Structures are given as C-alpha cells and as structure tokens.
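Peer 1: Got a structure for you, written out below as structure tokens; questions coming shortly.
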Amino acid sequence: MGIISQMLLRELSAIVGEECWGVVGGEGTGSVILLYIGARTLRPRSLKNPHLSDLVRRYDGAYSLRIECPWRIDSPSEVVAGSHMSNANDGPMVRGFKLICGQNITSVSCSGPAFDLTIRFENQHALVIHCAQIDWDYDTCYTFGAPAGYYKVALNGKVSFHAT
C-alpha cells in the first residue's frame, strides 16, 4: 500500500468521535451526497441555496465526504436508504439522512484494494460505500476532505491527494 493510501486511512481514523452534522442530498443531486463532519468553521460568506440547512449555509466542516458511487444506510436489521432509492424530498433517501445527521461516528472501516468504506454511528446505523460505478463519465468514487487537503478515491483503487 502506498504512502498516499496510508495517509487516507490515517485521516479517516481521525473522524472517529466526531459528529456528522450536515448531510446534503436529495432532489437535484441524483444519488450524490455530501457529509460535513467535525469542528465547524464559519464560512467567509454564507451559501445562498435556500434548500440547505442553516448550519450548512453558514459553516464548513473540518472534514467532508462527497460520495459519487453506490452507497446505503443500514440499521442493525435492514437497509433504510441508498443511492438506488428515490431522492424525493419526502423519500427514503432523504429520510435516511436524518438517521446519521447529528450522530457521532463510532468507527471507520476502510482498506485496499478498492477502499470501500463503512462509517458506523452511535445510533447503530452505518453508511456503507461501495467503490463501483456503472455508465458514469468519471471515475471518482468519493472525495474525503481533511484539514490539509482532499483525497480522491478512484474506481481502480487509486488514491490521490490534493493539498489546499
């Protein structure tokens, strides 16, 4: 495993104990979702999108996770939401976001070669991310933003780092 992949795994472990305080997705985003995690910092200018929560409009997170590949939210007994479900604002996808928003992260599991990712929350729900795509024009599965920059995980298991 390369140094960049090891850096990603180290950064991902840092979100254990942090709160997932913002989830953006639903109508207008397809199955792509964005999570805000950890300490909040005031944005220089608030975002104007009225469909975002006040917290997301006003703050950025210490960490972020943009998911562009298949994902699902599991309870201990069933799949409660997923990228394959309706993203209507009253649909299962958006209802599922409410189950992880405001929850602290209890564990993160990620390993090569594909870097599939599972994030577990204090309410026993899990966000499961599968690095796979069908009929998409790009190969980024997810992007993990950290204080020093962001990591892109591609379909082929390649991990890249981009400093900010």
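The values are calculated or read from the model by the stated rules, or taken from the named source; none is laboratory data. Note that the coordinates shown come from a computational prediction; the quantities given were computed from them, not determined experimentally. Backbone-built Cβ (ideal geometry, glycine too); neighbour counts: all protein chains shown. Areas reflect the complete protein model, heavy atoms only, side chains present, ligands, DNA and RNA absent. Shrake-Rupley method; radii C 1.70, N 1.55, O 1.52, S 1.80 Å.
Peer 1: Determine the dipole magnitude for the chain: charges of +1 sit on the beta-carbon of Lys and Arg, -1 on that of Asp and Glu, nothing else is charged, the reference point is the Cα centre, and the result goes in debye to the nearest 20.
Peer 2: The dipole magnitude comes to about 520 debye.
Peer 1: Can you give me the distance in nm between label points at Asp139 and Val16, each placed 7 Å from the Cα along the Cα-to-Cβ direction?
Peer 2: So the two model labels end up 3.1 nm from each other.
Peer 1: Same structure again: Of Trp21, Ser111, Trp71, which is farthest towards the positive pole of the range 1-123's charge dipole, taken about the Cα centre with +1 and -1 on the beta-carbons of Lys, Arg and Asp, Glu respectively?
Peer 2: Selected residue: Trp21.
Peer 1: 222 nm [θ] for the chain, helices only, -39500 (n - 2.57) per DSSP H run of 4+, per residue, to 500?
Peer 2: The helix contribution divided over the chain gives -4000 deg cm²/dmol.
Peer 1: For the chain, can you list the cysteines whose C-beta has no other cysteine C-beta under 4.7 Å from it?
Peer 2: Cys20, Cys101, Cys110 - these cysteines have no disulfide-compatible partner (Cβ-Cβ under 4.7 Å) in the chain.
Peer 1: Once you wrap a convex hull around the alpha carbon atoms of the range 99-157, what is its projected area averaged over all directions, in nm²?
Peer 2: The orientation-averaged projected area of the Cα hull of the range 99-157 comes to 5.1 nm².
Peer 1: Now, a different point. What aspartates and glutamates could a cross-link reach from Lys48, if we take a straight Cα to Cα line under 20 Å and drop same-chain neighbours fewer than 8 places away?
Peer 2: Leaving aside aspartates and glutamates fewer than 8 places away in the same chain, those within reach of Lys48 are Glu27, Asp60.
Peer 1: Please give the FRET efficiency for Lys98 paired with Arg40, using the beta carbon to beta carbon distance and R0 = 25 Å, rounded to the nearest 0.05.
Peer 2: Computed FRET efficiency for Lys98 and Arg40 comes out at 0.85.
Peer 1: In addition: Expressed in whole Å with the largest first, what are the equivalent ellipsoid semi-axes of the chain derived from the C-alpha gyration tensor as the square root of 5 times each eigenvalue?
Peer 2: 22, 19, 16
Peer 1: Here is a further query. Would you please give the FRET efficiency between Ser109 and His162, computed as 1/(1 + (r/R0)^6) with r the Cβ-Cβ distance and R0 = 30 Å, to the nearest 0.05?
Peer 2: My answer for the efficiency is 0.80.
Peer 1: Further question on the same structure: In whole percent, and with a 1.4 Å probe on the protein chains, what portion of the accessible area of the range 75-157 is carbon and sulfur?
Peer 2: Here carbon and sulfur together make up 49 percent of the probe-accessible area.
Peer 1: With springs only between Cα atoms under 10 Å, which of Arg58, Arg95, Arg45 fluctuates most in a Gaussian network model of the chain?
Peer 2: Judging by the Gaussian network model, the answer is Arg45.
Peer 1: Shifting gears a bit: Which three extents, in whole angstrom, do the alpha-carbon atoms of the range 1-83 cover along their principal axes, largest first?
Peer 2: For the range 1-83, the Cα extents along the three principal axes come out at 41, 33, 22 Å.
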